[in-house]
Every structure is written in C-alpha cells, then in structure tokens.
Amino acid sequence: MKGIKKSDFKYQACLNIILMLFALASILPFLLLVIASFTDENTLIQSGYTFFPAKFSINAYKYLIYQGPMIFRAYGITFLVTIVGTSLNLILTAMIAYPLSRKDFSKRKLFSFIVFFTMLFNGGLVPSYLMWTQFFHIKNTIFALIFPNLLMNAFGVILMQNYFSHNIPHELIEAAEIDGSGEFKTFFKVVLPLSLPILATVGLMSAISYWNDWTNGLYYLTDQSLFSLQNVLNRILTDLQFLSSSTVSTQVHMDMPSTGIRMAIAVVGVVPILALYPFFQKYFVKGITLGAVKG
Amino acid sequence: MKKSLRLIAMLTMATMTTTLLSACSSGSKNSTISTATSAPTEITWAFPTIGPVPTDKQLIEDEINKITIKEINVKVKLQLISIGNWFQQSNLMITGGEKLDIMPTLGNYSQLGSQKQLIDITDVLNKYGQEIKTAVGDNFLKGTTINGKIYGVANVNGKAAVPSILMRKDILDKYNLSIDSVKTLADIEKIFEVVSKGEKNMAMLVPPNQGSITTTYAGGLIGVPKFDNLGDNFGVLFGNDNYKVVDLFESDQYKNLVNTMRSWNQKGYILKDAATTTDTPNSLIKAGKAFGQFTYSEVGADSLAAKDSGFPIVQKKLQDSLITTSAIANITWAIPVTCKDPVAAMKFMNLMYTNKAIVDLADFGIEGKHYVKNSDGSIAFPKGVDSTTSGYNPGINWLIGDQFLAHLWQGTNPDNNKILQNDNKTASISNVLGFAFDSTKVKTEYASVTNVYKQYAPALDCGSVDPAKILPEFISKLKSAGIDKIIAEKQAQLDVWEKANKK
Amino acid sequence: MKVNNIKNNNTLTATTKKRKRKSELAMYLFMFPGLLYLFVNNYIPMGGLFIAFKNVDYSKGIFNSDWAGFENFKYLFSSSDAWIITRNTLLYNLAFIIFGTILGIAVAIMLSEMSSKLMGKFYQTSILLPQLISIIIIAYIGYAFLSADSGLLNKTILPKLGISPISWYSEPKYWPFILIIVNLWKGLGFSCIIYLASILGIDRSIYESAEIDGAGKWKQMVNITLPMLKPTIITLTMLAIGRIFYADFGLFYQVPMNSGALYNATNVIDTYVYRGLLQTNDIGMSSAAGFYQSVVGCVLVLLANFVVNKLDKENALF
C-alpha cells in the first residue's frame, strides 16, 4: 500500500487537532449556556457568567416544568410538523430539481429562472398573510406551521439540481431508457438511490428550518394549543422583552422568568434535535467511510 | 410559449390579488344597525396577557357571558394573546379583516388612530356610552380626541404619573438617610455619595427599561415643571404658558441632564451594563446589585417593587403631576375597523366601565377558584395556588375599563384608589391636552430621526459616553435627519389646534 | 467532466421523437407540484408589492388607499444613515460570502479526510450545534462573554491577560470582527455539510489514480477537489449575491443587544427599517424597503450570471 504509517499518523493528528479546535469553539459557548441555566439567579447577577459558578440551582428548570404540559405538547407538535414538512419538502424539491438537471429538457433554463426568481423578489408579510388566511383558511390550523415558506424553497432546489446534474452521469439515465424504463421508474430506481448525500443534506436543512421556525406560529396561530416548541419558548422571551422596554410595565407585577430561565429555555429547545442528529448522520457515514479508504 | 405563460401568470396573479384585497377592504364598512332580536350578537374581545394564555379562559368567558347576555344581549368571545405576541398579532388581525370588535391600545393609540385602524366612536359613545363618559371624565376624553373625533377611551386608573425615584429603605436606614428630603437631582446625588462609599458592589441606579436610566425627560429631571413631550420627544413644550414647540435635545436643560448622568456614570453610580442589560430592576435589586431606580409612575410603585424584589422600597415623586395627552392615551380601549357591529361593542365597553363583576372576572378570575377574599376585603390566591399554578392569572389588573371598581390584591395599600382618584382630580392638566401629532406628512424624516434618536439617546442617558463630544454630534445628526421639519410641522398642527380649541 | 448526450441527427426516428415527447411530458409532471407551490407561496403574494406605492388608510382598505408615488422609498435614501446602512449591508455580506466559502470548503475537506468514523461524526455534530440555537440565545451567549459587568471576558479572561475591561457594547470598532465571527460560527456547520455532500459524490478512483501518479494531498485538493466543487461554489455564491442586500435581522439586531452606540457598525437595511418604523408601523414603507432590496439583488444576480455565462457557460444559473 502507499504511504508511510508515520506520515499518515501525523496527517491524521493534524486533522484531529484542527477539527477539535473547531468543535470546542462550537461546544464551549453552549456549555456556558447550560452551566448558566443551572446557576443560582442571584449569583449569576452578582458574579457574572462563568464556567465554575459558586452556587447551583435548578430553579430555572422548575419554572419550565410548571409549564410542562404545554412544553410537552409543543414538542409533539414540533416533531410532527418537522417530520411531515421535511418529507413533503424532499419529495417536492427532488421532483422539481430533477427536470432542471436534465440537459435534454428543452425548457430547463426557463424554469430554473422561474424557481430562482422566488429567491429575489418577496411580496412581504401582508400579502402572504392575506392569501393564506383569507383564501386558504390555514389560520389556527396545523397547516399554518407546515405550508407557508418552508414546504419548498429555491435554495434546496438549486442544491439538488446541481447535485443531480454533476453527480448522476447521463449515461446511466440513457441506459435505463434503453432498457425500456419510463421516466418515473428511472427517477425512483436509478437517480434517487445515488443521491442519498444530497437528499440527506436538503432533508437536514429542511428539518432544521422547521425545527427552528417561530414566525409561522407567530403570524398564523393565536390558538396557544397549536404552538410549536419555538413559539412557546419565544413567547416567554418576547414577553420579557416587552416588559423591559415598555412604559406599561411599571404597573405590572408578575413572577417573570429571569436570566437563568432564558438559558434553560435555550437548552430545552436544542437538546432533542441534538440527541437525534447522530442517528441521521449515518447517511454521511457512507461518505466518511469512503474517505477512510483513502491513503 | 414563454410570453403567453408570463401573461397568464400575470393575469391570474392580478385577479387573485384583486379578489383577496377587495374581500378585505369590504371589512371596513360598518353597519350601525343593531337588531335587538332574540339571538345575542357575538363580539370578539381581545386583550393581552402577561405570560401564557390562561387555561381557564373558557370558564371566565362563560361567566362573563352570563352577565352580558342578560344585560345587553351580547355574547362575548375572549381572544387572549400573550403580550410578547400582542402587537404583531393584533396588527395582522386588523390587516386581515378578521373578527375583532374591541381591544386596547398600548402606547400606539395615535398611530392606530391616524392610520384609521380604529373607528370613530364619537357618536356611538354619545348614544350608548354615557356611563363611560361619566366614569372617564371630560379631561380624559379630551386626551384621546384626535381632530375633534374620539377613537378610543382611556382606561380609568391613576393617570397622574410622574418621574419618581425608588430606593431601598433598609439601606437608607442603615446610613441614617431619608428619602423625604429628596427634591432635586442634587439631593439624590448626596444620598448616592454616602451609600456608594459603603456599598461597593451595588449600583446606585439601574435602568427601568433597557437602555434608559431616566426613562423620561419630564419635568423633575430636566428642571422644567410643566413639560409636555407632545407624544414622542421630537419637538416638545417647555412650560404650559406658551405654545412654542422646541427641540428638546438642543436645550440647556437636556445638556445639564446628560452632563449629570455622565458624572454619575464616571463616579460609578450607574450600572455598567445600563445600555444593554435585559435584567429587570427588581431582579437586580433582589440580587443585591441595585440600590434604586428612576420610574415614571403613580403611587404604589414602591409596594410593587417591594413585592417582587423582596426588599423594602420607598418612593419619592420628583415633581408635581401634570396630566398630558400621552399619559392619558397610553392605555385606551378602542373599536377597530374590523368591527361589524359597533353598537354591540360599545354596549359591552359600557359594561366594562360600570360593571364591577366583569372587571373582577377579567382581572382575577372566578372567586373561590382563582382568588379568595380576605377579612380586610383584599383578595389573594386560594390555598395551594400561586402565580404559576393558577388557572387564570393574566396579570392585567391595570387594564380593564374602570380599574377603581376592582378588588385590591393583598399587600396593596387600601387607600391606593382614593389617592389615585384624588391625584387625577387635583393634578394640573397640560394646556395642550387633546393635541395629537399626525406624522404622516413627515414620515420620511420621522423614520430617520427615530434611528438617530435610538443611536445616541440611550448612551447619553446612561452617561456612558462623553456629552462634550457626543451631544453636538447627536444634534447635528438630528438636524440632517430632518428634525427641524418635524418640529415645523408639529408647530403648524399645534397652531391650528390652538385656534380651534382656545376660545 | 462534461457529459455528451447529443444524439446523432441521422438516427432520430419516429419512436425516438415519441419517446422524447413522452419524456418532456414526464418532466412537466415532475415539476408540477413544486411549481404549484411556488406559484401559491411566492408568486401570488408578489402581486402585493404595489403596497410599496400606497399611502395605506385602513378606513379605505389597502386596495383603495391613495397612491403615494415614491414617497415610501424616500427614507431609505434621504439621511446620512442611508450610506452607512447600505455600506454595512454590502460589506458584511461580502465578508460572509468570502470567508464562509473558504472556511466551509476547508472544513469539509478536512472532514472528508478523517480516517476515524467516530471522531468525524463527533466533529460534524459539534460544528452543527450553533446552527440549532436560536439567534436570541446566541445573543445571550454573546452577552455572557461581552457584558461590561458580568461577562466572561471582562471578569475572567482579560484580567488574566492584564488588559483592562472593555465596554464592548459601546465600541463600534470591534463589531465587524465580532459579527463576522458569530456568523461564521453559526453557519459553518451547515455550509461544510453542503460542500461535504458534493465531495462525497466525487468518484474515489480519481483520487486513487492521482495518488498512483505521485500527486500529494495538496495537489490532489487543488487539482481534483476544488475544480469538482466549482459548480457548487459558483451556485452558492450566486445565490448569496441575490441576497446581498438582505441581512440576517437577528444577527444585527439581537447580537449587539440593540445598543445604539454600535449603530455605525451594526445598522443594516433590515434593522434600519425596523427601528424607523417602530413608532409608525407604516406597511407601505416596509414594503418599499423589501421592494428596494429585491430589485438590487435581482440586478446584481443578473449581472453576475451574465459574467459567469461569458466565462463558464455551463455553470451559470440560467
């Protein structure tokens, strides 16, 4: 085989060190967040943020547990919306990206432009709101979290189109055609199986968008029982922002969530998707395994 | 092929948009016919809650309907929205023409009024809201009049708020100081000098709102007794004996104020993070990090602060009250353009200002379930219930109709209502009560000036920058953003108003 | 690696033509659901852009309000701030594009070279983490580091280095660096995945034959990986150019904690519009801002596409 073991080792060691630095840069701030969520409120205000607080407390999480039923429900809704939305997104995106990647499709450039144009021009909130609520009546339904904006977007289409046209050799498609396979069969039997990396990528992008989205809920849901996780968490944070900036607040007294609770909210919002992500990563394992074969 | 496709697309787009928008604009037509039939008219009553929408909302709605159906043949539907979402969602409801019949305005009354998002209720108020007019009083009605028309009615509560200072009583006692001697900023500084020497870890002043130490430039803080900010601080009235609109930020008084804040900041009296912290003053006090704060409020601010921070707090007003348009119009009840039956809505509004049961229901919930009466007449949570476990605790016992009708929560001074009502009656009234500036003609300058204001004012207010250098910069940027045009327009509108109102 | 699929004209038979027509029909069918969605979600609301030219009066309804000409656009150009916000928006986005691309590719290549599956998985998950945190929380994390009174830097790190505390939220000069770093930090996880997906699609045998020819790692990267990534890089850059007049509101509003003293370095078009309209909430003016941003982005991307078409026809977007 090629390559001396030693230089391989040095090479890998270098890679590991650099990547570890990046990983730490990503993890440590989050760790600070988690620690702050477990820090006693007064200590936090008095001594500031640190990795080694003087006093711990789980009060922040206690507050969230009181909102428990609402948060659990919101988790459920978010999972449902993310799974359904992402699945639909992948189907729509792949199906529209495929023709755009076929150089023998005569209207390819025209429709590429039609798709891309949506990234440039935006009608604004008001027309979209009027359309979705007055015409499609999605207000206060679960569809409000799925349909607007996130069901498919030009960015994903273009990524996929790119991948199809550069990574699926046309000879394969031709060969399938010669074998008598129709377009649909070719797509499902030949193209898609070879596109796992891009499907995983766009799927991940879509899942993250759905998971993180809070604007759809804000605009289209006044019924609290349909709030997604981000809506619930965000509502807590914006209630706070309102009180800290308004003249009305002088007359209000409530046990409002404080610094520690904001940190706890962040942790609650991230932990599930973080826990699940490694399982979805197996689609990338294929590529990483291939990488391991090198050198 | 390309051309015809585009044409079809455009036509379809145009048709759809037309249909949508005309469907919505028709929502602005009101019918003033109220049919007194057997079926009750349904209205949607929206207001914000502090915190999540309460779980027992339906129970409250049912109880309220028992009263309203009997009295005025109106069925009320409660639309409760968390305060953080309130502005966005109420706005969208109006824009989208959704059913919304009665709602409060929280600091955006004149903006909603000038954009015609609220309907003119002058006539229907006269016909069906006589008791509201009595409860609110002429002065307060004047405060929400725009160009002779009324679009909303102020809630009935203490309106004579003034700049005040809050301080921790236990610390004052520790150093043998008293808040009663405080009249001016210089007096406050004397107290700070003593306390800060002894309490090294404590900030003397913390911001009541993010980026704002003084919260308002009213009277006592800039040394002008009858100061009216004319709604937005862009062009104000110094004193109540003239109608000359001047630029607050070019005045000597403002200069003195920011210089004082600067010296206080350098002496370490002001919280270092004042410009950016989102910690509430009460949590800062609770943590032992704060000694006091300015606040713009009526009596009772000290007991509220004491309750939330856990320390005894005392309050001192820094000027005599002046009731201004912005004070009154800060919280109003209005009927948006989406209301189809203003008569029914007004009848219900009337109940809000006269029917104690409704106010108590909306404020506190159902007696026995959400609160119990104490022997002294005040109310408190029932045993085993607190603010996070209660099924109805919206925290809005300052909002609904006539608040003087409501129960008093345990721990509130029982004389509070008397004092507030008295203050309302005896406070001076601004000469220009009833003048509301319409910024539509200068909306370009307004947007630019707002940005400049937000860029410079908080830092100057917290004393975190050097006024000798920054204040001139602020003033010149305001000028280039067009503040003089705004002031000129305001003066013109004020002159017209003066002629029409001062006979 | 250009694919050649041009059929020889002489062999176009009737069946071939029929098959081609069937194929085209199938292509339309494929696209139909997606196009329908784009039409509903994106194209119909575009009709509402006329709001930018209206002085909205709710009593007349949006549709019947008076026309305002270009009145609603004036505030974007009139004050001295207009230059600052435009400059900020453009420069930040340029920096994001350049640094984001370089870093994304570098990390993607490194990940693809990892021999340990487990460690690769770990690094990738960690780097993705910031993408999952909402921007408001990132602002709080920033605050935990930069707070004048209680931040980690001022209280712990700077004293150890002997530097006196800095009032971070009052000094504009640090913020271009801070914002670029935060944006890279947040976006790296995802951008490197996109590049990684492309790299994984490269046929391994090419690398193997290059290695046989004696090419080292660096040469392999420059001569194989980068050229193979060229289409993706061009595509992503063009997409970013289309959005070059839009800024991430959360990044520029929340992370600086809305501190006025920093405006010269942090005010971009989106935050300027938000702040300016906070009092008046004029939907005509906010629609005008969106219109303006769209037009500029459109013009720039058409220009960029034109240039790319001249240089490298295959990789142009359309």
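Magnitude of the charge dipole for segment B:409-503, about its Cα centre and with charges confined to Cβ atoms of Lys, Arg (+1) and Asp, Glu (-1), is about 280 debye. Label-to-label distance for C:Lys173 and B:Asn374 is 5.8 nm, based on points extended 7 Å past Cα in the beta-carbon direction.
In terms of its Cα atoms, segment B:128-264 spans 60, 36, 28 Å along the principal axes, sorted from long to short. With 10 Å bins beginning at zero, the pair-distance distribution over Cα atoms of segment B:46-134 amounts to 14, 38, 38, 10 %. Counting Cβ atoms of other protein chains within 10 Å of each residue's Cβ and taking the mean over peptide C:188-195 gives 4.
Beyond 16 Å, what share of the Cα-Cα pairs of segment C:169-241 remains, rounded to the nearest whole percent? I get 63 percent for the Cα pairs in segment C:169-241 exceeding 16 Å. Using equal-weight Cα scatterers in the Debye expression, the normalised intensity of segment C:1-150 in log10 at q = 0.18 Å⁻¹ is -1.18. Applying 1/(1 + (r/R0)^6) with R0 = 60 Å to the Cβ-Cβ distance of C:Lys313 and B:Asp138 gives a FRET efficiency near 0.20. The trypsin sites (Lys or Arg not before Pro) of segment B:452-502 meeting both criteria, a DSSP state outside H, G, I, E and B (loop) and at most 16 other C-beta atoms within 10 angstrom of the site's C-beta, are B:Lys502. The calculated FRET efficiency for B:Glu71 paired with B:Gln421, based on their beta-carbon distance and R0 = 30 Å, is about 0.70. The magnitude of the dipole of the protein assembly as shown, with charges of +1 and -1 set on the Cβ of Lys/Arg and Asp/Glu and taken from the Cα centre, is near 3380 debye. Taking every DSSP helix (H) stretch of at least 4 residues in chain A, weighting each as -39,500 (n - 2.57) and dividing the sum by the residue count yields a mean residue ellipticity at 222 nm of -22000 deg cm²/dmol. Mean residue ellipticity, 222 nm, helices only, chain C: the sum of -39500 (n - 2.57) across DSSP H runs of n ≥ 4, divided by residue count and rounded to 500, is -19000 deg cm²/dmol. Expressed in nm², what is the orientationally averaged projection area of the convex hull enclosing the Cα positions of segment C:114-219? That works out to 10.3 nm².
The three principal axes of the Cα atoms in segment B:295-439 give end-to-end lengths of 51, 46, 26 Å, sorted in falling order.
For C:Leu103, B:Leu433, A:Leu80, the ranking by accessible surface with the largest value first comes to A:Leu80, C:Leu103, B:Leu433, using a 1.4 Å probe. Per residue, chain B reaches -13500 deg cm²/dmol at 222 nm when only DSSP H runs of four or more residues are counted, each adding -39500 (n - 2.57). A straight Cα-to-Cα reach below 16 Å connects B:Lys373 with the aspartates and glutamates B:Asp360, B:Asp363, B:Asp386, residues fewer than 8 places away in its own chain not being considered.
Taken over the C-alpha atoms, segment B:204-289 has Rg and Dmax values of 14.8, 46 angstrom.
In units of 2.2 N^0.38 Å, what is the alpha-carbon radius of gyration of segment A:179-229? Write down the numbers at each step before the final one.
Values: Rg = 18.1 Å, N = 51, 2.2 N^0.38 = 9.8 Å.
Rg over 2.2 N^0.38 Å, computed on Cα atoms: 1.85.
Distances between placed amide hydrogens fall under 5 Å for B:Lys77 paired with B:Ile43, B:Thr44, B:Trp45, all partners being 5 or more residues away or on another chain. A convex hull fitted to the Cα coordinates of segment B:376-503 yields 237 cubic angstrom per residue. Normalising by residue count, chain B has a Cα convex hull of 195 Å³ per residue. Give me the inter-chain shielding for C:164-170: mean count of other chain Cβ atoms within 10 Å, whole number please. Going residue by residue through C:164-170 and averaging, the value is 3. Projecting the alpha carbon convex hull of chain C along each direction and taking the average yields 25.7 nm².
Placing pseudo-labels 7 Å out from each Cα toward the beta carbon at C:Leu29 and C:Leu226 gives an inter-label distance of 4.6 nm.
For the cross-link pairs A:Lys103/C:Lys310; B:Lys149/B:Lys441; B:Lys183/B:Lys286; B:Lys127/B:Lys340, the ones whose C-alpha atoms lie over 22 Å apart are B:Lys183/B:Lys286.
If a/c stays under 1.5 just call it rounded; otherwise compare a/b with b/c (prolate if a/b is bigger, oblate if not). Do that for the protein assembly as shown, with a ≥ b ≥ c from the square roots of the Cα gyration tensor eigenvalues. Spell out each step's value before the answer.
Details: a/c = 1.93, a/b = 1.52, b/c = 1.28.
Since a/c reaches 1.5 and a/b is larger than b/c, the shape of the protein assembly as shown is classed as prolate.
Spin-label pair C:Val299-A:Phe113: with each label point 7 Å from Cα along the Cα-Cβ axis, the two points sit 1.9 nm from one another. If both residues of a DSSP beta bridge must be in the protein assembly as shown, then about 65% of such bridges are antiparallel.
In plain terms, the chain from B:Asp320 to B:Glu42 could stretch by 95.6 nm, reckoned as 0.36 nm per residue minus the Cα-Cα distance. Straight-line reach from B:Lys317: taking Cα to Cα under 14 Å and skipping same-chain neighbours fewer than 8 places apart, the aspartates and glutamates in range are B:Asp180, B:Asp187, B:Glu298, B:Asp302, B:Asp423. Neighbouring Cβ atoms from other chains, within 10 Å of the Cβ of residues in C:204-213, number 2 on average.
Between B:Lys383 and B:Asp173, how high is the FRET efficiency from 1/(1 + (r/R0)^6) when r is the Cβ-Cβ distance and R₀ = 30 Å? Nearest 0.05. Walk me through the numbers before you get to the answer.
On the way: r = 34 Å, r/R0 = 1.14.
Taking R0 as 30 Å, the efficiency between B:Lys383 and B:Asp173 is 0.30.
Working with all protein chains in place, sort A:Phe143, B:Phe364 by solvent-accessible area computed with a 1.4 Å probe, largest first.
Working: A:Phe143 100, B:Phe364 15 Å².
The residues order as A:Phe143, B:Phe364, largest area first.
Helix screen, chain A: DSSP H segments with Cα axial length of 20 Å or more and mean Kyte-Doolittle hydropathy at least 0.0 are A:5-37, A:68-101, A:196-212, A:229-243, A:259-280.
The values are calculated or read from the model by the stated rules, or taken from the named source; none is laboratory data. What you see is a predicted model, and the numbers here were worked out from it, not measured in a lab. Positions of Cβ are backbone-derived with ideal geometry, glycine not excepted, and every protein chain shown enters the neighbour counts. Just the protein is used for accessible areas: all its heavy atoms, side chains included, with ligands, DNA and RNA removed. Shrake-Rupley method; radii C 1.70, N 1.55, O 1.52, S 1.80 Å.
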